[in-house]
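Q: Could you have a look at this structure, given as structure tokens, before my questions?
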Amino acid sequence: MHGPASPGWLLVALCAASGAYCLLRMRSGVEEQRRAAGSEAVMGFAMAAMAVPAAVFSPPAWAWPGYALVFGVAALRSLWWARTSAHHLHHSVGAAAMVYMSVVMTLSPGSPGGHHHAHGGSGAPLLTGALLLYFAGYVLASGARLVPAAAAPASGAGAVPGGAGAVTGWGDRPELARACRLSMGMAMVAMLLTL
């Protein structure tokens with residue numbers, strides 16, 4: 001994480017904006033969407049914090065094990081909720097990736113607290129590669145889902161805006177949630193590349 005300043009700040013902005021939008025999605029009337037949005041908000045803000053350039057802020061020694069603990073609990077929670085929604089499996093993989101990156105940062109050589117400033121060589125190449133493949137595939141699949149489909153024909157003159165199946169608020173729009181997930185997937189790929 002903590003690479004060069006300019007890309008680091010762009011990553012911070014992207015993750016923080018995604019986390020903020022996910023907080024807004026937590027106001028949804030759909031319980032499953034609120035639950036997913038909460039997990040994604042935590043992930044977005046934590047990724048933003050991890051991406052802050054090292055020249056600006058070097059976390060204390062306890063921060064990386066703290067991240068690992070928080071995301072270990074989040075991974076277990078997401079596994080529990082995966083019984084009802086397959087999307088929570090993705091949350092589990094994301095939280096496990098955050099645990100992995102936190103452990104790598106704890107154990108990597110460098111400044112106090114295991115904070116490394118150099119790129120490469122600190123993670124397990126096979127695990128890092130597997131996570132990179134997973135998130136690259138997730139990014140491609142998420143991007144494909146954002147491609148607009150052919151417009152559906154109007155359902156007749158009697159169609160009522162706001163009827164069954166209509167979107168009630170901009171926070172409930174599925175394409176915005178997908179764009180948020182896509183941006184966090186890209187951020188995860190960028191963070192894994194720095195290990």
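Q: Zone of Ala141 (label point 7 Å along Cα→Cβ, backbone N under 19 Å): which residues in region 13-36?
A: Inside the label zone: 33, 36.
Q: Next up: Run through region 5-41 and list the trypsin sites (Lys or Arg not before Pro) located in a DSSP loop whose Cβ has at most 15 other Cβ atoms within 10 Å.
A: Of the trypsin sites (Lys or Arg not before Pro), the ones in loops of region 5-41 whose Cβ has at most 15 other Cβ atoms within 10 Å are Arg27.
Q: How would you order 182-195, 60-73 from highest to lowest mean count of nearby Cβ atoms within 10 Å? Could you put the intermediate results ahead of the total?
A: Numbers: 182-195: 20.9, 60-73: 15.9.
Descending packing order for the listed peptides: 182-195, 60-73.
Q: Still on this model: Please state the Cα pair-distance histogram of region 28-79 with 10 angstrom bins from zero: what percent is in each bin?
A: 21, 44, 25, 9, 0
Q: From the P(r) of region 49-90, could you give the percentage of C-alpha pairs in the tail past 15 Å? Kindly include the intermediate steps, with their values, before the conclusion.
A: Working: 479 of 861 pairs.
Of all Cα-Cα pairs in region 49-90, 56 percent lie more than 15 Å apart.
Q: Right, next: Under 19 Å from a label point 7 Å along Cα→Cβ of Ala124: give me every residue in region 1-43 with its amide N that close.
A: Residues 1 fall inside that zone.
Q: Taking the mean number of other Cβ atoms within 10 Å as a proxy for protection, how do you rank 80-89, 129-138, 43-52 from highest to lowest?
A: 43-52, 129-138, 80-89
Q: Then there's this: Going by the alpha-carbon gyration tensor, a ≥ b ≥ c the square roots of its eigenvalues, is region 1-87 rounded (a/c under 1.5) or, if a/c is not under 1.5, prolate (a/b greater than b/c) versus oblate?
A: Here region 1-87 falls in the oblate category.
Since every read-out is calculated from the coordinates, none of them should be taken as a lab result. Values in this document were obtained by computation on a predicted structure and should not be read as measured data. Positions of Cβ are generated from backbone atoms using ideal geometry, with glycine treated the same way; all protein chains shown enter the neighbour counts.
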